[in-house]
1. Under unit Cβ charges (Lys, Arg +1; Asp, Glu -1), what dipole magnitude, rounded to 20 debye, does the chain have relative to its Cα centre?
2. Let me check something: with ligands and nucleic acids excluded, how do Leu4, Leu234 order by accessible area (1.4 Å probe), largest to smallest?
3. If you take the beta carbon distance between Ser478 and Arg277 as r and set R0 to 22 Å, what does 1/(1 + (r/R0)^6) give as a FRET efficiency, to the nearest 0.05?
4. Can you tell me, using C-alpha contacts under 8 Å and at least 6 residues apart, the relative contact order of region 60-174 as a whole percent?
5. Identify the residues of region 135-167 with backbone N under 19 Å of a label point that sits 7 angstrom from the Cα of Thr470 along the Cα-to-Cβ direction, or state none.
6. Can you find, among Leu269, Gly228, Cys217, the residue sitting farthest towards the positive end of the charge dipole of region 189-286, where Lys and Arg contribute +1 and Asp and Glu -1 at Cβ?
7. Rounded to whole Hz and in sequence order, give me ³J(HN,Hα) for region 118-127 from the Karplus expression 6.51 cos²θ - 1.76 cosθ + 1.60, θ = phi - 60°, writing x for Gly and Pro.
8. I need the phi-derived Karplus couplings for region 346-363: 6.51 cos²θ - 1.76 cosθ + 1.60, θ = phi - 60°, integer Hz, Gly and Pro marked x.
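The values are calculated or read from the model by the stated rules, or taken from the named source; none is laboratory data. What you see is a predicted model; the values in this text were computed from it and never measured. Cβ placement follows ideal geometry from the backbone for every residue including glycine, while neighbour counts extend to all protein chains displayed. The accessibility values were calculated without ligands, DNA or RNA, using every heavy atom of the protein model including side chains. Shrake-Rupley method; radii C 1.70, N 1.55, O 1.52, S 1.80 Å.
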Amino acid sequence: MAALKGSEIAEHNDAKSCWVIVHGKAYDVTEFLPEHPGGQKIILKYAGKDCTEEFEPIHPPDTLDKFLDKSKHLGPVDMGTVEQEVKEEDPEEAERLERVAQKPLLSQCYNLHDFEAVARRTMKKTAWGYYSSAADDEITMRENHSAYHRIWFRPRVLVDVENVDISTTMLGSKSSVPFYVTATALGKLGDPEGEVVLTRAAHKHGVIQMIPTLASCSFDEICDARKGEQVQWLQLYVNKDRKITQRIVQYAEERGCKALFITVDAPQLGRREKDMRSKFTDPGTNVQEGQETDNSQGAARAISSFIDPSLSWKDIPWFQSITKMPIIIKGVQRVEDVIKAVEAGCQGVVLSNHGGRQLEFARSGIEILAETMPVLRELGLENKIEIYIDGGVRRATDVLKAICLGAKGVGIGRPFLYAMSAYGQPGVERAMQLLKDEMEMNMRLLGCNKIEELNSSLLDTRALFTHTSTPPDHLFSSAYESLATPAQRPK
Ligand SMILES: Cc1cc2c(cc1C)[n+](S(=O)(=O)[O-])c1c(=O)[nH]c(=O)nc-1n2C[C@H](O)[C@H](O)[C@H](O)COP(=O)(O)O
């Protein structure tokens, strides 16, 4: 078949007939327009043109094969005949590229905060907006981190700590560390290769990776990037169409995923204003087939309309009937629901508020953990279920506090995204190594050789439940206008 000319594609440039070019091939997306999860607007913006650059960062390569009927695949385009958009100089982008060129050396990053600082200066606005944002005034996001500062250590001394072993098992799988890469969507916003960068770094460091439903890479790409005995878990947003969910879960088991984490704190994705402000209009198509979406405000809204808000405890037996994978409920925020998870026969829970991206003023995972464990012990249930937590973990001391309080492991999200966005795979590997070094040192200083020795006697948690000061309420204080200043005092 002769290659199509650019001028032929350009004639199909509206909703009545809409052709686009992706990776040098033409596609008739006219009938697909109303089904596009990210809405019609973003496609019509590129009607009759080459949209590869916009398409690539967050659409898995198999998207068009999976969602567009073969009859609409029009074949190769003679790209020499395609008029390329002349990009006017974008001063903001030029400044950003300048900052990228001048970013610190990777060896100058000494902790996870350093990666965030570099990412904030070097990431594209939409990408930073999506990764960094949290719900409403982002108080819970800051509380996730500051809650750890209300816990102090009671270290042991004169213990032979020459040999320290920070390895553990999680859900029956070996792990070199008691932390894992948690599920975070749209990896290609941070790095053109997306989630497979996290996979490769996780393999290098023996860290378990949770594969997100809303990944930019295809599920197969992420599984194919797994090496040897590397362990991956699946994070699931449950689709209103249970047939789609069943297919995803059973395929994940077939592909060797070792556990199913069902996310339950997002019956609707939270209101993340930084993300909305960046007016993200090109969401990932890993959202599942044919859902109408509102893409007027941020990626979160645009990619989450398929999520089933009717999900409830009564659905757990159905999940147990379609998979043998251990089932973990991710996003539990009170001990009563931990007990419900035990009663439902789940193998684990993640005490989590989704990194502060969901319900504002939800408590931190570490505080819920401190509430949960004594109750489970009292009921003799502490060995019936594995407890994980995530949110705000930025130091190995945070991980150690969680394990001392009874967590089996800790999920880490943004830090690995920032390390990837700023420095690619070497960045993620360095972030993991820094955490491992901190773990080993702090275990020694705590007077412990192995993870199993960590227990609550090593902590002073008296301050944990007293929220003497909530994290700063930046938006309020920046907007609040007091008449106290002479300038505004009425005459
Ligand atoms: C930072 C981030 C977190 C997301 C995340 C995307 C980003 C950019 N996304 S989201 O788009 O829907 O909100 C997911 C997700 O796909 N599924 C999920 O279960 N949790 C999602 N989370 C929550 C994540 O799994 C952890 O609960 C959270 O990141 C832990 O907090 P830290 O980032 O402070 O480590």
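1. On the way: 60 positive and 71 negative charges, 241 e Å.
Charge dipole of the chain: 1160 debye, to the nearest 20.
2. Details: Leu4 25, Leu234 5 Å².
Per-residue accessible area, sorted high to low, gives Leu4, Leu234.
3. Working: r = 15 Å, r/R0 = 0.67.
E(calc), rounded to 0.05, equals 0.90.
4. On the way: 20 pairs, mean separation 17.4, N = 115.
Relative contact order for region 60-174 comes out at 15 percent.
5. 135-150
6. Leu269
7. Calculated HN-Hα couplings, in order: 6, 4, 4, 8, 10, 7, 4, 4, 5, 5 Hz.
8. With the stated coefficients, region 346-363 comes to 7, 8, x, 9, 10, 7, 7, 10, 6, x, x, 8, 10, 7, 5, 6, 5, 7 Hz.
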